[in-house]
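Chemist: Here you go, one structure.
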Amino acid sequence: MYDLSKKVVQINYWNYEEMIVDPEDGEFISPDPWFIIFVHGNNYESNVNIESMQHLAKYFGGKVRFGFVAAPMEEALCYAYEVHSWPRSFYIDQMGMAHIYPKGFVAFNTTKKWIEEREFKKSPQIVKAPNRVNKIRLLWGYLKKDVRTWYVREWQPKIEPTLRKIGFTYVVDMDPLDFDNIKLNQKTNR
């Protein structure tokens, strides 16, 4: 039998609740940190990341667990983490805090350094590892996604230059690539 702690495992609703977050009280139950990536099978970038994660799983030898979520099939997990595009990765530390991985690709050396040197503490988004969303929260997620998409498509290009010019930072980041100081989607969600 294989030691799954040294492999990349597919995460679905039942093993997420069995291995990572208890559905009853929402507490992180894993003895080890997790690095999770949300992927789509038809997306080339998603598939490339899985190979790097296999090498990382072997390198960490079970001290950090690695898993992937097939995004279209696990909608409730995607909405729990507010993943609307892929690949998107999170590192869940031993305290149960999910830190978004700020890079699109999970490259072996970069990701290894990010974990070992605890660079995840500077992540642009840090939240408690969530429960899967229920049906009501899933409907709310659909609404938020639709409104955000509409805003980004229709209004953001028209008003952001003016907001940046006058320095109104409540709904726009002055430098959207400054990952040390911004929180992902925080201003867009306002």
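Chemist: Tell me which of these Ile37 doesn't satisfy, since it passes every other one: (1) more than 16 Å from Thr111 (Cβ to Cβ); (2) touching a helix residue (DSSP H, G or I) at 6+ places or on another chain (Cβ under 7 Å); (3) aliphatic (A, V, I, L, M).
Modeler: Every condition holds for Ile37 apart from (1).
Chemist: Hey, among Gly104, Gly141, which residue is surrounded by fewer than 17 Cβ atoms within 10 Å (Cβ to Cβ) and in contact with a helix residue (DSSP H, G or I) (Cβ under 8 Å, 6 or more places away or on another chain)? Working first, answer last.
Modeler: Working: Gly141 fails: surrounded by fewer than 17 Cβ atoms within 10 Å (Cβ to Cβ).
So the residue among Gly104, Gly141 that is surrounded by fewer than 17 Cβ atoms within 10 Å (Cβ to Cβ) and in contact with a helix residue (DSSP H, G or I) (Cβ under 8 Å, 6 or more places away or on another chain) is Gly104.
Chemist: Another question, then. If you go through region 79-109, how many residues are outside any loop (DSSP other than H, G, I, E, B) and either in contact with a Pro (Cβ under 6 Å, 6 or more places away or on another chain) or within 21 Å of Met19 (Cβ to Cβ) (or both)?
Modeler: So in region 79-109, the residues outside any loop (DSSP other than H, G, I, E, B) come out as 79-80, 88-92, 97-100, 108-109.
Next, from what is left, pick out any that are either in contact with a Pro (Cβ under 6 Å, 6 or more places away or on another chain) or within 21 Å of Met19 (Cβ to Cβ) (or both): 79-80, 88-92, 97-100.
The number of residues fulfilling the criteria is 11.
Chemist: Tell me, yes or no, whether region 31-38 has at least one residue that is in contact with a Pro (Cβ under 8 Å, 6 or more places away or on another chain), part of a loop (DSSP other than H, G, I, E, B), under 19 Å from Arg118 (Cα atoms) and not charged (D, E, K, R).
Modeler: In the first step, residues of region 31-38 are kept if they are in contact with a Pro (Cβ under 8 Å, 6 or more places away or on another chain); the result is 37-38.
Imposing the further condition that a residue be part of a loop (DSSP other than H, G, I, E, B) reduces the set to none.
Within region 31-38, none of the residues are in contact with a Pro (Cβ under 8 Å, 6 or more places away or on another chain), part of a loop (DSSP other than H, G, I, E, B), under 19 Å from Arg118 (Cα atoms) and not charged (D, E, K, R).
Yes/no per residue for (1) within 23 Å of Pro124 (Cβ to Cβ); (2) among the polar types (S, T, N, Q):
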{"position": "Glu24", "(1), (2)": "no, no"}
{"position": "Trp34", "(1), (2)": "yes, no"}
{"position": "Ser46", "(1), (2)": "yes, yes"}
{"position": "Asn49", "(1), (2)": "yes, yes"}
{"position": "His55", "(1), (2)": "no, no"}
{"position": "Lys58", "(1), (2)": "no, no"}
{"position": "Val64", "(1), (2)": "yes, no"}
{"position": "Ala71", "(1), (2)": "yes, no"}
{"position": "Trp86", "(1), (2)": "yes, no"}
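Chemist: All but one of (1) in contact with a strand residue (DSSP E or B) (Cβ under 8 Å, 6 or more places away or on another chain); (2) surrounded by 15 or more Cβ atoms within 10 Å (Cβ to Cβ) hold for Ala80, so report the exception by its number.
Modeler: Tallying (1) in contact with a strand residue (DSSP E or B) (Cβ under 8 Å, 6 or more places away or on another chain); (2) surrounded by 15 or more Cβ atoms within 10 Å (Cβ to Cβ), Ala80 fails exactly one: (1).
Chemist: Out of curiosity, is Pro124 in a loop (DSSP other than H, G, I, E, B), over 16 Å from Ile36 (Cβ atoms) and either touching a residue at least 60 places away in the same chain (Cβ under 8 Å) or not assigned by TED's automatic domain parsing to the domain that holds Asn42 (or both)? Step through it out loud before you land on a result.
Modeler: Numbers: in a loop (DSSP other than H, G, I, E, B): yes; over 16 Å from Ile36 (Cβ atoms): yes; either touching a residue at least 60 places away in the same chain (Cβ under 8 Å) or not assigned by TED's automatic domain parsing to the domain that holds Asn42 (or both): yes.
Criteria met by Pro124.
One line per residue, one yes/no per condition, for (1) within 14 Å of the chain's Cα centre (by Cα); (2) under 30 Å from Leu143 (Cβ atoms):
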{"residue": "Glu27", "(1), (2)": "no, yes"}
{"residue": "Pro31", "(1), (2)": "no, no"}
{"residue": "Ser52", "(1), (2)": "no, no"}
{"residue": "Ala76", "(1), (2)": "yes, yes"}
{"residue": "Glu82", "(1), (2)": "yes, yes"}
{"residue": "Ile92", "(1), (2)": "yes, yes"}
{"residue": "Glu117", "(1), (2)": "no, no"}
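Chemist: Can you spot a residue in region 76-90 that is in contact with a Gly (Cβ under 6 Å, 6 or more places away or on another chain) and among the aromatic types (Phe, Trp, Tyr)? So that I can check it myself, show each step before the final result.
Modeler: Within region 76-90, the first condition is being in contact with a Gly (Cβ under 6 Å, 6 or more places away or on another chain), and the residues that meet it are 79.
Checking the rest, the ones that are also among the aromatic types (Phe, Trp, Tyr) come to 79.
For region 76-90, residues in contact with a Gly (Cβ under 6 Å, 6 or more places away or on another chain) and among the aromatic types (Phe, Trp, Tyr): present.
The values are calculated or read from the model by the stated rules, or taken from the named source; none is laboratory data. All figures in this text were calculated on a predicted structure; none of them were measured in a lab. Backbone-built Cβ (ideal geometry, glycine too); neighbour counts: all protein chains shown.
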